[in-house]
Amino acid sequence: MRWIPGGTSSDIEDRRDEGGGGGGFGGRHLGIGGTLVLLVLSILFRQNLFTLFDSSPSRSPTPQAADRARDASESTEVQFVSFVLDDVQQTWEKLAPQSGFPYRHAKLVLFRDVTESSCGEAESATGPFYCPADEKVYVDLGFFDELRTRFGAPGEFAQAYVLAHELGHHVQKLAGIERKVRALQQYNPRARNELSVRMELQADCLAGVWGHTTAQRKLIEAGDVEAGLRAPAAVGDDRIQKMARGRVSPESFTHGSSEQRVNWFRRGLDSGEFSACDTFQ
């Protein structure tokens, strides 16, 4: 992606120095899959296997020094996240009124390991998410390392897709879609997962709508698009279930298959239209 570093967005709330324990062991981030496996094995063998990951050296930097070092190493990434955040929100400031609703900015919370949200505790192991109750997106920057190394989706546009997807949920709230879907889920609990999938696929499409504008402004090239398409494929329910459990259970999908996620992201990318993202028809 072509972008210009420009400091930190005014819409970013930085809580990285407030984080505690969470999903890190001895400086090593396991993620939700690894944590669950270790938990099961600990129960089976009646031994706390998490201690195997507590391999901190005897002379480690003070917490304050370690935080400063991590802050410095993440400086470029914070500037990139700031650029994408501002660009996506500026795009929806223009597009939302054309679709019949006003846009107001969401906040993006940067944290490490764990923090509090109005939707409950936010943990790095759960990945980035949007909380409609406080209109904030929660991101542990360590997720982007997992996106690249564990899920095989490297590249800045893949990271940008994740942020644009979460802001797509904010667009859904402002458009009144999120409220209607939650009401339908309460009315018909059996349709909860199906409606969740439709919500997530629409957010993928809305991320693609933003991607369409970046192509028009020549911020991305063909290679960026290919990298971006790997991101929704990497986080499809079928692929994640296969990695975690070795089998796929479509009835338990909440986000959609890799193929569905790629198709809806591409639909938004090709059309650039909010109206093209109706996953509820």
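The values are calculated or read from the model by the stated rules, or taken from the named source; none is laboratory data. Since this is a predicted model, take the numbers as computed values, not measurements. Note: ideal-geometry Cβ built from the backbone for every residue, glycine included; neighbour counts use all protein chains shown. Side chains are part of the model used for accessible areas, which takes the heavy atoms of the whole protein and leaves out ligands, DNA and RNA. Shrake-Rupley method; radii C 1.70, N 1.55, O 1.52, S 1.80 Å.
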Just the number, please: carbon plus sulfur as a percent of the accessible area of the stretch 169-281, 1.4 Å probe, no ligands or DNA/RNA counted.
-> 48
Here the stretch 84-96 yields Karplus 3J(HN,Hα) values (6.51, -1.76, 1.60; θ = phi - 60°; whole Hz; Gly and Pro given as x) of 5, 4, 5, 5, 4, 6, 5, 5, 6, 4, 8, 7, 4
Placed amide H near Glu13: partners under 5 Å, 5+ positions off or other chain | Leu108, Val109, Leu110
For the stretch 144-231, listing trypsin sites (Lys or Arg not before Pro) in a DSSP loop whose Cβ sees at most 12 other Cβ atoms within 10 Å gives Arg217, Lys218
With Trp264 itself left out, Lys, Arg at +1 and Asp, Glu at -1 over residues whose Cβ is under 14 Å from its Cβ give -3
Tally Lys/Arg at +1 and Asp/Glu at -1 over every other residue whose Cβ is under 13 Å from the Cβ of Phe83; what's the total?
-> -3
Near the amide H of Phe129, under 5 Å away, which other amide H atoms are found, from residues 5 or more places off or on another chain, if H is placed in the peptide plane?
-> Tyr138
Considering only Asn188, Leu206, Trp264, whose Cα is most displaced toward the positive end of the charge dipole of the stretch 160-281, charges sitting on Cβ of Lys, Arg (+1) and Asp, Glu (-1)?
-> Asn188
Where the stretch 130-281 is the region considered: accessible area per residue in Å², 1.4 Å probe | 45
Spin-label pair Lys218/Leu184, simplified geometry with 7 Å Cα→Cβ offset, distance in nm = 4.2
